[in-house]
Amino acid sequence: MKTRKRHIRFATWNVRTLHQEGKLDNLILETTDMKVDIMGVAETRWKGEGYARRDDYIFIHSGGEYHERGVGILIKKEIEKYISGYWTYNDRMMLLKIRAKPFDIAIIQTYAPTSDHADEEIEKYYEDLQQILKQVKTTDILIIMGDMNSKIGKGKYKNIVGQYGLGTRNERGDRLIQFCEENNMVICNTFYQQESRRLYTWKSPGDRKRNQIDFIMIRNRFKNNVMNTKTYPGADINSDHNPVMIKLNIKLKKIDQPTRKEPHIDISALKQSEIQQKYCVEVKNKYECLMTECLEQYRRENPEEKVANKWDCLKQSIQTANKNLPVKESMKNQMWMTDEILEKMAERKKAKNTPKYTILDNEIRNMCRTTKVNWLETKCKEIEDMAEKHRTRDMHREIRQMTSKKNTVKSGGCIKNNNNQLLFDKTEILTRWTEYVTALFDDQRSSKHSIKCNDSPRILKSEVVRAIETMKRGKAAGLDNITVEMLTSLEDFGISTITDLCNDIYNTGYIPRDLKTSVFIPLPKKPKAQECTDYRTISLMSHITKILLKIIHERIKNKIDIEVGEEGFRKNRGTREAILCIRLLADKYIEVQKSIYLCFIDYSKAFDRVQHEKLIICLQ
């Protein structure tokens, strides 16, 4: 049985840039060779922030608007489940939290301004660092690491600096020591005796000077957990910095095994006649069997329970048959990197500090450029073939994989509560979202409404067929995991069963829980989203519910008067036409040199705050 790690190897490295073909693969190769679990990276030069996956690692990065500065943290995939959250603060620092035992670990990866920056920028940097520290608990094992661009020098200073430093201290070093003293931190690099080549972290061009400017700091109370620290001068990524590593004696917290996710079903398999016919028979037989078992109960139950049981039988029948459908193969991202290039990188590493190094480095750059261009040309031909064969969905998926920056998921990693405190724990984040959504959809209305109306005609099969035909394919399912493609493959049996179910719901007014429960998905509207209001919430509802809603909408649309000026949510009309009208009108006014006055009103969460009580009164 695999045991949890009793120690973790942390490292930090200024790589000079990752904004170069093959650099991330090079970083992963070196991190693997050094057996580092968590690698902090300075000067990534990546824009924006996000969460990327590559091989057996994940990479969280934080950058700015331009290809300057930037920090990131490369983490082994096996440690991913212990991540409680992260905060991409700016292009100079970020925070990562790891669940560990007996205390959680808070890691701050940073990249300080260089010596040619003004003192005001240095002070602003340390002020930002203090802001991040406010989000770290006093009990957390705090680790701050990165390129500090400061010289601590040789010689012990209180309990902050050990006696095994390197060089002579400068003003930036004094400021770093002051910061450590204020926050009760110790500089790990200086406490372990190593040969000189294991101490320096930066060298000048031509190797004329060697300095120690990259550091890893830890809270004083946890310094005894550090087992060792040293640099790796042999590591190679074509940078003038060496990575610094510490080995920390810590045990990761035991994580309850999450519920096993259901495999993704290959819905496209239902397009094959043989599979579709077999699927239809399985669902029909299972449904009839379950209905027979419930037949005796139906005679004694009230109408609402009959509706619930009928829905449960249909749901169980479809979900049982789904287990026999082919499982969708996970789409592995086929990158352009080749073993030949990786071998060439290993050869360059052996040639470090020799004249051959520059030659090999140029060869690697040319190979990376050529290989990537060839890979892109091949991908473009595949996309053109998909377009000719009208495989639109596959075409757009390939385009997204090619154009999305480093296959990165945009996310801030944390949410603020009402007290402006960042939340990293998943339970706390879910609680905050519950509070937000509850307040958003708050509507002081009675639980039941008695509306007197004439009996409506039964829902017809033709209405169900029309509703299914108008539904878009390839959409995410609701809580029941039943898609419109599955319902379509059930042919006449499915149409009849859905029609009966819709009529029962329509006549009794009772809607089973699965059909009225939506799954909310928050999507960030802007970078570094931390407030709930910075997210756009979409809801996934059952496709059966969508069918019923389409039928009702089709029945009432001709009886509801909509103002002529309304452009949204109307067939064959949209806001694009309205915008075009405004632009044309503005052009005419400009031609005759007249003024035009426009008033735009944005109703906050207008469609989320509909007063249903008043809506029902209007419908009466």
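Across region 531-584, the qualifying residues are those that are acidic (Asp, Glu) and part of a loop (DSSP other than H, G, I, E, B), and the one among them that is farthest from residue 89 (Cα to Cα) is 561.
Only one entry in 133, 129, 96 is surrounded by fewer than 20 Cβ atoms within 10 Å (Cβ to Cβ) and within 19 Å of residue 244 (Cβ to Cβ), namely 129. One residue stands out in region 204-235 among those that are among the polar types (S, T, N, Q) and in a loop (DSSP other than H, G, I, E, B): the one that is surrounded by the most Cβ atoms within 10 Å (Cβ to Cβ), namely 212. Checked against the criterion of being out of contact with any helix residue (DSSP H, G or I) (no Cβ under 6 Å at 6 or more places or on another chain) and either buried (at least 24 other Cβ atoms within 10 Å of the Cβ) or under 17 Å from residue 247 (Cα atoms) (or both), the candidates 67, 61 yield just one match: 61. Considering only residues in region 306-355 that are of a type in the set (Ser, Thr, Tyr) and within 30 Å of residue 290 (Cα to Cα), the one that is nearest to the chain's Cα centre (by Cα) turns out to be 320. Only residues that are assigned to a strand (DSSP E or B) and modelled with pLDDT of 95 or more: list them for region 29-53, please. Within region 29-53, 38, 39, 40, 41, 42 meet the criteria. Against the criterion of being within 33 Å of the chain's Cα centre (by Cα), surrounded by 13 or more Cβ atoms within 10 Å (Cβ to Cβ), modelled with pLDDT under 95 and closer than 20 Å to residue 111 by Cα, residue 238 qualifies. Cβ-Cβ distance below 9 Å, separation of 6 or more or different chains: which pairs start in region 359-377 with a residue that is under 13 Å from residue 25 (Cβ atoms) and end on one that is among the basic types (Lys, Arg) and surrounded by 16 or more Cβ atoms within 10 Å (Cβ to Cβ)? Here the result reads 364/344; 364/348; 367/344; 368/23, each pair linking region 359-377 to a residue that is among the basic types (Lys, Arg) and surrounded by 16 or more Cβ atoms within 10 Å (Cβ to Cβ).
Among the residues in region 38-51, are any of a type in the set (Phe, Trp, Tyr) and either over 23 Å from residue 143 (Cα atoms) or without any contact (Cβ under 8 Å) to a residue 24 or more places away in the chain (or both)? Looking for residues that are of a type in the set (Phe, Trp, Tyr) and either over 23 Å from residue 143 (Cα atoms) or without any contact (Cβ under 8 Å) to a residue 24 or more places away in the chain (or both), one finds at least one in region 38-51, hence yes. Just one of the listed residues (198, 175, 219) is under 22 Å from residue 38 (Cα atoms), among the basic types (Lys, Arg) and modelled with pLDDT of 95 or more, and it is 219. So, of the residues in region 108-119 that are modelled with pLDDT of 95 or more and of a type outside the set (A, V, I, L, M, F, W, C), which turns out to be surrounded by the fewest Cβ atoms within 10 Å (Cβ to Cβ)? The extreme case among them is 113. One residue stands out in region 460-506 among those that are part of a loop (DSSP other than H, G, I, E, B) and among the small types (Gly, Ala, Ser): the one that is nearest to residue 303 (Cα to Cα), namely 478.
Listed here are the residues, each with its yes/no results for (1) under 17 Å from residue 424 (Cα atoms); (2) of a type in the set (S, T, N, Q); (3) in contact with a strand residue (DSSP E or B) (Cβ under 7 Å, 6 or more places away or on another chain); (4) at pLDDT below 90.
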| residue | (1), (2), (3), (4) |
| --- | --- |
| 74 | no, no, yes, no |
| 88 | yes, yes, yes, no |
| 100 | yes, no, yes, no |
| 106 | yes, no, yes, no |
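Look at residue 340 and say whether it is modelled with pLDDT of 90 or more, surrounded by fewer than 11 Cβ atoms within 10 Å (Cβ to Cβ) and among the acidic types (Asp, Glu). So residue 340 passes the test. Of all residues in region 30-50, those being surrounded by fewer than 19 Cβ atoms within 10 Å (Cβ to Cβ) and either on the phi > 0 side of the Ramachandran plot or of a type outside the set (Asp, Glu) (or both) number 5. Every listed requirement among (1) crowded, with 16+ Cβ neighbours inside 10 Å; (2) within 28 Å of residue 436 (Cβ to Cβ); (3) out of contact with any Lys or Arg (no Cβ under 6 Å at 6 or more places or on another chain) is met by residue 505 save one, (2).
Among the residues of region 169-191, the one identified as free of Cβ contacts under 8 Å to residues at least 40 places away in the same chain, closer than 14 Å to residue 149 by Cβ and either basic (Lys, Arg) or assigned to a loop (DSSP other than H, G, I, E, B) (or both) is 169.
The values are calculated or read from the model by the stated rules, or taken from the named source; none is laboratory data. On a predicted model such as this, the values are computed, not experimentally measured, just so you know. Note: ideal-geometry Cβ built from the backbone for every residue, glycine included; neighbour counts use all protein chains shown.
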